[in-house]
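Have a look at the structure below before the remarks.
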Amino acid sequence: MNYSIKSTLLVSLMLCGAIISVHAQDTSKKKSIDITSTFKPVLREAAKINFNAAPPQTDSNKTALKYSVPNQQLSFNYQPAELKPVALAVDTSNKWESSNFIKVGVGNVHLPFVKAGFSFGDGVRSNYNLFAQHYNSKGSLPFQKHSLTSVGAEASYMNLKHREWSGNLGFASDNYYLYGYRPTTLVFTKDQLKQRFQTISGKVVFRNTIPTEYGLNYRPSLSVNVFNDQHSLKANESNTVLDLPLEKTFGQSFAFDLGATADLTSYTKKTVSGKTTVQNNLFYISPAVIFKTPNVFVHAGIRPSWDNKVFTMLPNVMADFSTTDQRFVFQLGWIGYYNKGSYQRFYGINPWLAQPDSLLNTRVQERYAGFKGTIKNFTYSAKVGFQQYRNMPLFVNDAVDGKTFVVRYESKMEVLQLHGEVGYTRGEQFSVTSSLNFNQFTKLQKEANAWGMLPIEFNTNLRWQLMKDLWLKTDVFMFNGARYRAANGDSFKGDGAVDLNLGSEFRITKNFNLWVQFNNVFNNKYERWNQYEAYGFNFLGGITYSFNQKPVKK
């Protein structure tokens, strides 16, 4: 076999997969090829994934969790002249577990006293309430009498889309007698001294209880009050207020407020020669930007206002800076607002008011700084404010016999106000709060003094559940006398007063409670308004019957 044949065979065998061993031989001998092994192709055994179902190992280690829960008290963003930050107070009497009650009583001054309230609805989506009150009171002085009769209804309903409708209707008849005439030897008939006021009121509110998908909160409301005095020459007034607040939130820290308010008053007064009508209309809008974090709250806005078509730009800026646990909150503000001038509002301040000849709105601007906070069960607050008033209503005895008060408007007045408050609350068992107001009236333009306005006021209220079925309450009112104007124009200062009231209530059965109230314990016959002496010591006691609705039969 020549070399070419040998090479060919070797290449062929290698391509066929055989391992060939070639042995060297003597060139004189024949060449041969020995096959020592044959290649057998075999697939490698595949690795298989073994699935074994087994639960994970139980983690027996306990995770240590740390919580920082600050002491919580009921707290509001402070807005002067409207809201005061106070702790959640214990109820005036006991905590009612029933939805209906009737309370009756008698006393040496009040005879009789009746108050009732009835509640219906499921308490979740719908609530309906009816209430009524009536009492007569008669003091030791001639014609020192007062009576009140009022009835009303309230209702609220929430639909499945978290939108709530609520409203109320009411009627009140409030009767006074002008017993504060001087000299006391003057003779008047009962009809000449009777002062009767009647009010029909209604209000409807629509709001969303949770923000919309676009972060909007809204609460439009409409209220209407019809007020008259039932005098021989009758005066009547209608007050309508439309309020349209809207808030848009941006994330967790920013919001934009836009409110619009229309406050309309129409006052008609009959005279011997005919009648006169006064229109007093107030419009304003309140845009503002709000920034809030756990430690900072800033409300920055303005309030363009039209007071009977007279434009005024008012500030509306407030800021709170607090610690994380709310133990200390520092407050600053520069705000402006209007107090509406109406016959109904003036009567609420001084019920011995004569029919006003004009109605002016009071414009207020205030700059204030203060602080508030909570420490466990204690709450505290303090504020110093500088206020400017335009068209402030002051009340002065008439120049004939002083039995009525006429309104005199002070065109401009400044007031330095100091306010302090401290309280202690322990659940529903015990609560006590005390507050002090100091007012310094300066820079009056027209009047010699701030007639009828108190320079110093101090109040303390205590509620105590002494035992399971026994409740005690105490109220203390103290004030420094206001300045008043005599018929000849001279200025005098009224006396101060201390008025202490004590009350108690205890349960005798599941549905019946006995209660008693002692008023003006020191028998201080002070005059809050000049020539009008308050009742001396008086007591009132009775029984309260409370009951639930009958269960609905299924």
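Some values worked out for this structure:
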quantity	calculated
Condition check for residue 190: under 30 Å from residue 258 (Cβ atoms) and of a type in the set (Lys, Arg)	no
Hits in the stretch 407-449 (condition: more than 20 Å from the chain's Cα centre (by Cα) and acidic (Asp, Glu))	410, 414, 447
Sole residue being outside any strand (DSSP E or B) and not basic (Lys, Arg), chosen from 418, 359	359
Pair list, Cβ under 8 Å, 6 or more apart: the stretch 278-303 residue closer than 14 Å to residue 337 by Cα, other residue outside any strand (DSSP E or B)	282/308; 282/340; 282/361
Breaking point among (1) open to solvent by less than 50 Å² (accessible area, probe 1.4 Å); (2) over 24 Å from residue 546 (Cα atoms), for residue 153	(2)
Those residues of the stretch 450-476 which are within 26 Å of residue 527 (Cα to Cα) and under 22 Å from the mean Cα position of the chain (by Cα), in sequence order	459, 460, 461, 462
Qualifying residue in the stretch 156-165 (condition: in contact with a helix residue (DSSP H, G or I) (Cβ under 6 Å, 6 or more places away or on another chain) and either under 20 Å from residue 135 (Cβ atoms) or surrounded by 14 or more Cβ atoms within 10 Å (Cβ to Cβ) (or both))	no
Where residue 449 falls short, out of the listed (1) in a strand (DSSP E or B); (2) open to solvent by less than 60 Å² (accessible area, probe 1.4 Å); (3) under 30 Å from residue 366 (Cα atoms); (4) among the polar types (S, T, N, Q)	(1)
Residue within the stretch 336-343 that is closer than 30 Å to residue 463 by Cβ and not hydrophobic (A, V, I, L, M, F, W, C) present	no
Lone qualifier among 113, 118, 171, 131 - being without any contact (Cβ under 8 Å) to a residue 24 or more places away in the chain, part of a strand (DSSP E or B), among the aromatic types (Phe, Trp, Tyr) and farther than 30 Å from residue 217 by Cβ	118
Conditions (1) surrounded by fewer than 18 Cβ atoms within 10 Å (Cβ to Cβ); (2) touching a Leu at 6+ places or on another chain (Cβ under 9 Å); (3) in a strand (DSSP E or B): number failed by residue 524	(3)
Enumeration of residues in the stretch 348-388 that are farther than 20 Å from residue 318 by Cβ, open to solvent by 30 Å² or more (accessible area, probe 1.4 Å) and in contact with a strand residue (DSSP E or B) (Cβ under 8 Å, 6 or more places away or on another chain)	349, 352, 355, 357, 358, 360, 377, 378
Qualifying positions in the stretch 425-446 - crowded, with 16+ Cβ neighbours inside 10 Å, under 22 Å from residue 476 (Cβ atoms) and in contact with a Ser or Thr (Cβ under 9 Å, 6 or more places away or on another chain)	425, 431, 432, 433, 435
Selection status of residue 510, at pLDDT below 95 and either over 29 Å from residue 465 (Cβ atoms) or of a type in the set (S, T, N, Q) (or both)	no
Cβ pairs under 9 Å, 6+ apart, first in the stretch 393-405 and surrounded by 20 or more Cβ atoms within 10 Å (Cβ to Cβ), second of a type in the set (Asp, Glu) and outside any loop (DSSP other than H, G, I, E, B)	393/410; 394/410
Residue list for the stretch 204-255, restricted to those being in a strand (DSSP E or B), open to solvent by less than 50 Å² (accessible area, probe 1.4 Å) and of a type in the set (Val, Ile, Thr)	205, 240, 241, 249
Positions within the stretch 406-426 being among the charged types (D, E, K, R), touching a residue at least 40 places away in the same chain (Cβ under 8 Å) and under 22 Å from residue 350 (Cα atoms), in sequence order	408, 410
First in the stretch 466-492 and surrounded by 16 or more Cβ atoms within 10 Å (Cβ to Cβ), second anywhere and part of a loop (DSSP other than H, G, I, E, B) and among the acidic types (Asp, Glu), Cβ under 7 Å, 6 or more apart	481/495
Unique match (being out of contact with any helix residue (DSSP H, G or I) (no Cβ under 8 Å at 6 or more places or on another chain), part of a loop (DSSP other than H, G, I, E, B) and not acidic (Asp, Glu)) among 513, 488	488
Check on residue 143, under 30 Å from residue 486 (Cβ atoms), out of contact with any Gly (no Cβ under 6 Å at 6 or more places or on another chain) and open to solvent by 30 Å² or more (accessible area, probe 1.4 Å)	yes
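Condition check ((1) closer than 25 Å to residue 517 by Cβ; (2) at pLDDT 80 or above) across all residues:
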{"position": "87", "(1), (2)": "yes, no"}
{"position": "100", "(1), (2)": "yes, yes"}
{"position": "106", "(1), (2)": "yes, yes"}
{"position": "112", "(1), (2)": "yes, yes"}
{"position": "118", "(1), (2)": "yes, yes"}
{"position": "140", "(1), (2)": "yes, yes"}
{"position": "178", "(1), (2)": "no, yes"}
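The values are calculated or read from the model by the stated rules, or taken from the named source; none is laboratory data. Remember, predicted model here, so these are calculated numbers, not experimental data. Please note: Cβ atoms are built from the backbone with ideal geometry, for glycine as well, and neighbour counts cover all protein chains shown. Please note that ligands, DNA and RNA were not included when accessible areas were found on the heavy atoms of the full protein model with its side chains. Shrake-Rupley method; radii C 1.70, N 1.55, O 1.52, S 1.80 Å.
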